[in-house]
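The values are calculated or read from the model by the stated rules, or taken from the named source; none is laboratory data. From a predicted model like this one, the values you see are computed outputs, not experimental measurements. Because the Cβ atoms are built from the backbone with ideal geometry, glycine has one as well, and the counts that use them run over all protein chains shown. For the accessible areas, the whole protein counts, side chains as well, though only heavy atoms, and no ligand, DNA or RNA atoms are used. Shrake-Rupley method; radii C 1.70, N 1.55, O 1.52, S 1.80 Å.
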Amino acid sequence: MEDHEVYLSEAIERELRGVISGLSKKLSKDQMAFLDEKMHQLLRQARRVSVSIQVALSRDAKDDHYLSLCKAARADFLITGDKDLLSVSEETLRKVGFHAGS
């Protein structure tokens with residue numbers, strides 16, 4: 001089996017922590033403990049990347065940071081269900097050096 005790496009930037013880590021924090025009123029203590037542990041596992045395994053390249057392609061400017069991270073990390077894949085990111089055309093992605101796939 002081939003190894004894969006997960007990349008994070010400081011901004012995305014802050015976003016993840018904020019989302020998890022916001023769930024604390026909706027989840028039980030056990031569920032929060034489970035989620036916290038999974039978050040710590042992710043953070044231990046992820047490679048931190050400093051993002052200096054700014055890509056602006058998404059309908060939602062907040063999502064552009066994910067594309068910028070992919071560019072900076074030279075990532076092979078961005079796995080997302082985000083409709084704004086998925087709406088960026090393959091042609092547009094290719095123009096800035098990304099290979100789009102399904």
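Search the stretch 1-26 for residues that are of a type in the set (Val, Ile, Thr) and pair each with any residue that is open to solvent by less than 80 Å² (accessible area, probe 1.4 Å) and outside any helix (DSSP H, G or I) when their beta-carbon atoms are under 8 Å apart and the residues are at least 6 apart or on different chains.
6/46
The conditions are (1) loosely packed, with under 13 Cβ neighbours inside 10 Å; (2) at pLDDT 90 or above, and residue 99 fails exactly one of them. Which is it?
(2)
Just to confirm my filter: which helices (runs of 4 or more DSSP H) fall fully inside the stretch 35-102 and include at least 3 residues that are in contact (Cβ under 8 Å) with a residue 12 or more places away in the chain? Spell out how you get there, then give the answer.
On the way: elements: 64-73, 83-86, 90-95.
It comes to 64-73.
How many residues, within the stretch 46-60, are over 14 Å from the mean Cα position of the chain (by Cα) and open to solvent by 60 Å² or more (accessible area, probe 1.4 Å)?
Final tally of qualifying residues: 5.
Among residues belonging to the stretch 62-96 that are of a type in the set (Asp, Glu) and more than 21 Å from residue 14 (Cα to Cα), point out the one that is modelled with the lowest pLDDT. Walk me through it before giving the result.
Within the stretch 62-96, the first condition is being of a type in the set (Asp, Glu), and the residues that meet it are 63-64, 76, 82, 84, 90-91.
Then keep just the ones that are more than 21 Å from residue 14 (Cα to Cα); that gives 76, 90-91.
On the way: 76: 85, 90: 88, 91: 90.
If we take residues in the stretch 62-96 being of a type in the set (Asp, Glu) and more than 21 Å from residue 14 (Cα to Cα), then 76 is modelled with the lowest pLDDT.
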